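**Student:** Just passing along the structure, written as structure tokens.
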Amino acid sequence: MNLPYHGSVRPMGVRRIPAAIAAGVMAMAAVSLAPPLPAAADTPWLVVSEDGYASFSVPADYVQANAGQVSQVVIEGNFGPSFTWAEFGLSRSGNAWSGVLGPLKPGLYSYQVTGDDTKGLKDPTNATSVASAPLRSTFFVAGDSARLLADAPQGQGGKVETLTYEVKKQERTALVWTPPGYQAKGPKGPGPKEQGPKEQGPAGPGPKEPGPAGPGPKEPGPKGYPVLYLQSGDRSATDWLDLGRAKQILDNLSIQGSAEPMVVVISDAEGTAGDKDLKDLRKAVGDRYNVLRDPGHQAIAGVGEGGTQALRAALTRPAQFAYAGSFSGLLEDGVAGADPKAINREVKLARLYTGNVTDPAYNATVRLTKALDRAGIRYEFDGVNPDAGANWNAWQENLIDFVPRLFHDVSDHGPSAGHGPLKGEFHPPAAGTTPTPFLSEDGFVTFETTTDFTDAQHVTVWANVAPGGSWLRLPMSREGDRWRTTVGPLDPWFYYYRLIVDRVAVKDASNPTKVTSEPAWSTFLVPGERSRLLSDVPAGQGGKVESLTYHSNVANQDRTALVWTPPGYDPDRAEPYPVFFLQHGSGQSYTDWVEMGRAKQILDHQFLDGDLVPMVVVMGNGNVSNFNKELLENIVPAARAHYNISDDPSQQALAGLSMGGGQTIGVLKAYPGRFAYIAAFSAGFGSGAGVDVAAINSGTKLFRVYVGDVTDFVYPSFMAGLTTMNDLGVHYEFDGITPGPHGWDVWQKNLIDLAPRLFKR
């Protein structure tokens, strides 16, 4: 079935699920996937499971009352590759728009609800907020890699206050974090206002730990605290709290003794746009807080333009800041006129950070490092973050790495674990010069439209690039008379997509691939070891796929099947070949296992690898009212008339996905033993009424069942089917879910697991 849901497979073995366990799993599935309740103010729109699945259920009545009638609802959030902004489409069912996305990596996510591309809504059931973006809410996915993003234990963290100061008689504000146990200087006077800590999601573990935990918070020196000026660039200072988790990071680093006690001043571009602003801010901080004022205890860092300002300040005024950090800063040639000797003498640390090629700072960092090298200016580079671009998920990691390096000597000056070198500037081909999508060697993909949509208002790429292989819509940006976007890195695998132009699905006319049953879809393969079985084998080494025409007395028409024969197939071989009948799902046809399932590539590779018994594979058309009759009276006889295949039930296999899986189980129930090998992908067993269990068990050498995770909409009925089979005593194999939704990523992996098991018992 072609429905918005997909995954990656775990090694499959042989195991029967005890009835009690299957019933328990079914009960959990029923809780997580039950039909949404009627809209109510206290009914959460979002539920996040412990294993990172985000279930959204947005009341349709609420959407209509607040946004009017809409034809689509999406959840916009940082769910895309490298945590880029993307749209997750919801499906309308009853009185709710709903969908399940995941598993999401540990970390902080922000999102909003949007109808028909332009009608944004805040989730009223989520108390979190983003001050700079009123429609957004946040949620936290706990996990070991995100433990430093979790809320510190109550009463153990520092405090965030609002500092008010003046620049040229204009009132400005900054946020100031003081460490646990902060000792103020003298009487506090009226003091700054305390900014209450914001709850951003349930506390849980958070990113990498920068070094071994110390013996708890360090004591400040008797003369005061060093200061880090943390700039937000063209973003709001509050984003460092709402999206950057700065308080949680600073709290946790302090508690574990990984950072020197310091005061951190967070300001936005308005407050630090010029030398005068920064000077006045530093004076206000010095007047109000117990801080050290000498350059050796001053640090400055920032994101984007804030990183540019921070680095420029260190390079042009080296006697003011001993430490500087640029998080996705855009400084490219700011070393002109700089004094390398003064910089190297005064600046103890200048550390550069950048995301992958989706980060606009990537090319700027390539040029900057070359300029610094030519000038002989010392600096450190944290390496290219392969898994994040220019976003808060990357900058959280940057802050975690940077803060423990301040105000003391450290032994590690290299890049963060897993970060790679710069490989030169990244430039996709010029517009209109190559078929799309364009793939780089590192798995980054550039999509581009033709010039047909110059007047469009909203263009996205809908593709199976979400966690687990689900579908996301990736926003494209207008570039001249085309729309374009670069995403990644994508894992090696097979991908399919379509353009959505002002809510209308459109084929990428620049991509010559086609999907017969889905005319708007295009496909591409990201090469690599993980996708090897989905790639073409060398020319002349694989099997053949031929069309077989047969007459259907069920559909009363001539129909077509596709037939794969193995390399070296001999129509005159004395021993007939085993035959495997492989069926498609609802809304699909006989072409889909070749065009979407990559059946030829999988079978070719497995045969050449020596994993496959030589067999003939028949992919027929299952879109009929009576599949049992179509299979046994039309497809099987036609295949036997044209190919050298066995009529021995022990040499017959039948499998299918979704609807085809249901049809397969129907044949098993009606004709037990007719096919010795049976498999169903994403299909439930159904009723046990009238099932001849003894005949199934004695006549079936292998009955193997597969399903995706909770994003596969048949998951509940599948689990109920396990209970039914257990109660009946049906022998079957199931070794856990194939992570992913109701889609080709899962079914490809199911075929990869199944085919080598056939005809070997």
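The values are calculated or read from the model by the stated rules, or taken from the named source; none is laboratory data. It should be emphasised that the depicted structure is a prediction, and the values quoted were computed from it without experimental measurement. Here the Cβ positions follow ideal geometry from the backbone for every residue, glycine too, while neighbour counts run over all protein chains shown. Accessible surface areas use protein heavy atoms only, side chains included; no ligands, DNA or RNA. Shrake-Rupley method; radii C 1.70, N 1.55, O 1.52, S 1.80 Å.
**Student:** Being assigned to a helix (DSSP H, G or I), under 30 Å from residue 285 (Cβ atoms) and open to solvent by 40 Å² or more (accessible area, probe 1.4 Å), is that true of even one residue in region 355-363?
**Tutor:** Applying the first criterion (assigned to a helix (DSSP H, G or I)) to region 355-363 yields 361-363.
Checking which are under 30 Å from residue 285 (Cβ atoms) leaves us with 361.
Checking the rest, the ones that are also open to solvent by 40 Å² or more (accessible area, probe 1.4 Å) come to none.
No: zero hits.
**Student:** Right, here's the next one. Test each condition in (1) surrounded by fewer than 23 Cβ atoms within 10 Å (Cβ to Cβ); (2) at negative phi; (3) touching a residue at least 12 places away in the same chain (Cβ under 8 Å); (4) not β-branched (Val, Ile, Thr) for residue 370 and report the one that comes out false.
**Tutor:** Condition not satisfied by residue 370: (3).
**Student:** Still on this structure: Can you name every residue in region 400-409 that is more than 16 Å from residue 108 (Cβ to Cβ) and either touching a residue at least 12 places away in the same chain (Cβ under 8 Å) or within 18 Å of the chain's Cα centre (by Cα) (or both)? Steps first, answer last, please.
**Tutor:** Within region 400-409, the subset more than 16 Å from residue 108 (Cβ to Cβ) is 401-409.
Listed by number, the residues that qualify are 401, 402, 403, 404, 405, 406, 407, 408.
**Student:** Spot the failing condition for residue 331; the list is (1) over 14 Å from residue 364 (Cβ atoms); (2) in a loop (DSSP other than H, G, I, E, B); (3) of a type in the set (A, V, I, L, M, F, W, C), and only one is missed.
**Tutor:** Among (1) over 14 Å from residue 364 (Cβ atoms); (2) in a loop (DSSP other than H, G, I, E, B); (3) of a type in the set (A, V, I, L, M, F, W, C), residue 331 violates only (1).
**Student:** Also: Restricting to region 143-164, name every residue that is part of a strand (DSSP E or B) and either more than 24 Å from residue 394 (Cα to Cα) or open to solvent by 60 Å² or more (accessible area, probe 1.4 Å) (or both).
**Tutor:** 159, 161, 162, 163, 164
**Student:** Another question, if that's okay. Name every residue in region 383-394 that is surrounded by fewer than 20 Cβ atoms within 10 Å (Cβ to Cβ) and either in a loop (DSSP other than H, G, I, E, B) or at pLDDT below 95 (or both), in order of residue number.
**Tutor:** Result: 386, 387.
**Student:** Can you tell which of 380, 332, 397 is within 35 Å of the chain's Cα centre (by Cα) and modelled with pLDDT under 95?
**Tutor:** The match here is 332.
**Student:** Hey, another quick one. Would you pick out the residues in region 640-669 that are surrounded by fewer than 20 Cβ atoms within 10 Å (Cβ to Cβ) and more than 20 Å from residue 697 (Cβ to Cβ)?
**Tutor:** 640, 641, 642, 643, 644, 646, 647
**Student:** Any residue at all in region 513-533 that is under 20 Å from residue 611 (Cβ atoms) and open to solvent by less than 20 Å² (accessible area, probe 1.4 Å)?
**Tutor:** The answer is yes; a qualifying residue exists.
**Student:** Please list, ordered by first then second residue, the pairs with beta carbon atoms under 6 Å, 6 or more apart or interchain, first in region 672-692 and surrounded by fewer than 24 Cβ atoms within 10 Å (Cβ to Cβ), second of a type in the set (Phe, Trp, Tyr) and at pLDDT 95 or above.
**Tutor:** Pairs that qualify, where the first residue is surrounded by fewer than 24 Cβ atoms within 10 Å (Cβ to Cβ) and the partner is of a type in the set (Phe, Trp, Tyr) and at pLDDT 95 or above, are 684/718.
**Student:** Restricting to region 731-743, give me the number of residues that are out of contact with any Ser or Thr (no Cβ under 7 Å at 6 or more places or on another chain) and crowded, with 24+ Cβ neighbours inside 10 Å.
**Tutor:** Residues in region 731-743 being out of contact with any Ser or Thr (no Cβ under 7 Å at 6 or more places or on another chain) and crowded, with 24+ Cβ neighbours inside 10 Å: 2 in total.
**Student:** Okay, next question. Please count how many residues of region 125-139 are of a type outside the set (S, T, N, Q) and open to solvent by less than 40 Å² (accessible area, probe 1.4 Å).
**Tutor:** Qualifying residue count for the region: 3.
**Student:** I would also like to ask the following. Pairs, please: C-beta under 7 Å, at least 6 apart or cross-chain, first residue of a type in the set (Val, Ile, Thr) and in region 482-497, second assigned to a strand (DSSP E or B) and open to solvent by 20 Å² or more (accessible area, probe 1.4 Å)?
**Tutor:** Pairs found: 485/475; 485/477.
**Student:** Identify the residue in region 697-709 that is among the hydrophobic types (A, V, I, L, M, F, W, C) and crowded, with 22+ Cβ neighbours inside 10 Å and, among all such residues, is farthest from residue 737 (Cα to Cα).
**Tutor:** Step by step, filter region 697-709, then rank; the result is 703.
**Student:** Could you tell me which residue of region 471-489 is nearest to residue 77 (Cα to Cα), considering only residues that are part of a strand (DSSP E or B) and among the charged types (D, E, K, R)?
**Tutor:** 473
**Student:** In a loop (DSSP other than H, G, I, E, B), at pLDDT 95 or above and open to solvent by less than 30 Å² (accessible area, probe 1.4 Å): is that true of residue 258 in this structure?
**Tutor:** yes
**Student:** Take the residues of region 623-639 that are of a type in the set (Val, Ile, Thr) and out of contact with any Gly (no Cβ under 8 Å at 6 or more places or on another chain): which is surrounded by the most Cβ atoms within 10 Å (Cβ to Cβ)?
**Tutor:** For region 623-639, the residue satisfying everything is 636.
**Student:** Looking only at region 438-470, which residues are crowded, with 24+ Cβ neighbours inside 10 Å and part of a loop (DSSP other than H, G, I, E, B)?
**Tutor:** Result: 449, 464, 465, 466, 470.
**Student:** Is at least one residue of region 538-557 farther than 24 Å from residue 465 by Cα and of a type in the set (D, E, K, R)?
**Tutor:** First, the residues of region 538-557 that are farther than 24 Å from residue 465 by Cα: 538-557.
Among the residues that remain, those that are also of a type in the set (D, E, K, R) are: 544, 546.
There is at least one residue in region 538-557 that is farther than 24 Å from residue 465 by Cα and of a type in the set (D, E, K, R).
**Student:** Looking only at region 702-746, how many residues end up being assigned to a helix (DSSP H, G or I) and either within 24 Å of residue 610 (Cβ to Cβ) or among the acidic types (Asp, Glu) (or both)?
**Tutor:** Within region 702-746, residues that are assigned to a helix (DSSP H, G or I) and either within 24 Å of residue 610 (Cβ to Cβ) or among the acidic types (Asp, Glu) (or both) number 2.
**Student:** Between residues in region 333-348 that are touching a residue at least 24 places away in the same chain (Cβ under 8 Å) and residues that are open to solvent by 30 Å² or more (accessible area, probe 1.4 Å) and in a loop (DSSP other than H, G, I, E, B), which pairs lie under 8 Å by C-beta distance while being six or more apart or on different chains?
**Tutor:** 340/376; 342/319; 343/378; 344/376; 344/378; 346/319; 347/378
**Student:** Given (1) under 30 Å from residue 590 (Cα atoms); (2) in a loop (DSSP other than H, G, I, E, B); (3) at pLDDT 95 or above, where does residue 70 come up short, assuming only one miss?
**Tutor:** The number of the failed condition is (1).
**Student:** What about residue 598, is it closer than 25 Å to residue 743 by Cα and open to solvent by 60 Å² or more (accessible area, probe 1.4 Å)? Write out each step before concluding.
**Tutor:** On the way: closer than 25 Å to residue 743 by Cα: yes; open to solvent by 60 Å² or more (accessible area, probe 1.4 Å): no.
When the stated conditions are applied, residue 598 does not pass them.
**Student:** While we're on this one: Checking the structure you have, find out if any residue of region 15-28 is modelled with pLDDT of 70 or more, buried (at least 16 other Cβ atoms within 10 Å of the Cβ) and over 30 Å from residue 590 (Cα atoms).
**Tutor:** Looking through region 15-28, none of the residues is modelled with pLDDT of 70 or more, buried (at least 16 other Cβ atoms within 10 Å of the Cβ) and over 30 Å from residue 590 (Cα atoms).
**Student:** Within region 551-570, how many residues turn out to be open to solvent by 10 Å² or more (accessible area, probe 1.4 Å), under 27 Å from residue 629 (Cα atoms) and either of a type outside the set (Asp, Glu) or modelled with pLDDT under 95 (or both)? Lay out the reasoning, then the answer.
**Tutor:** Our first condition is that a residue be open to solvent by 10 Å² or more (accessible area, probe 1.4 Å); within region 551-570, this holds for 551, 553-560, 562, 567-570.
Next cut, under 27 Å from residue 629 (Cα atoms) only: 551, 553-560, 562.
From what's left, either of a type outside the set (Asp, Glu) or modelled with pLDDT under 95 (or both): 551, 553-557, 559-560, 562.
Going through region 551-570 one residue at a time, the tally reaches 9.
**Student:** Out of region 657-706, which residues are polar (S, T, N, Q) and over 23 Å from residue 597 (Cα atoms)?
**Tutor:** 687, 697, 698, 700
**Student:** Give just the number: which of (1) over 14 Å from residue 449 (Cα atoms); (2) surrounded by fewer than 18 Cβ atoms within 10 Å (Cβ to Cβ); (3) in contact with a helix residue (DSSP H, G or I) (Cβ under 7 Å, 6 or more places away or on another chain) does residue 493 not satisfy?
**Tutor:** So the condition that residue 493 fails would be (2).
**Student:** Next question. Inspect region 361-379 for any residue being within 21 Å of residue 249 (Cβ to Cβ) and among the aromatic types (Phe, Trp, Tyr) and give the result as yes or no.
**Tutor:** Within region 361-379, none of the residues are within 21 Å of residue 249 (Cβ to Cβ) and among the aromatic types (Phe, Trp, Tyr).
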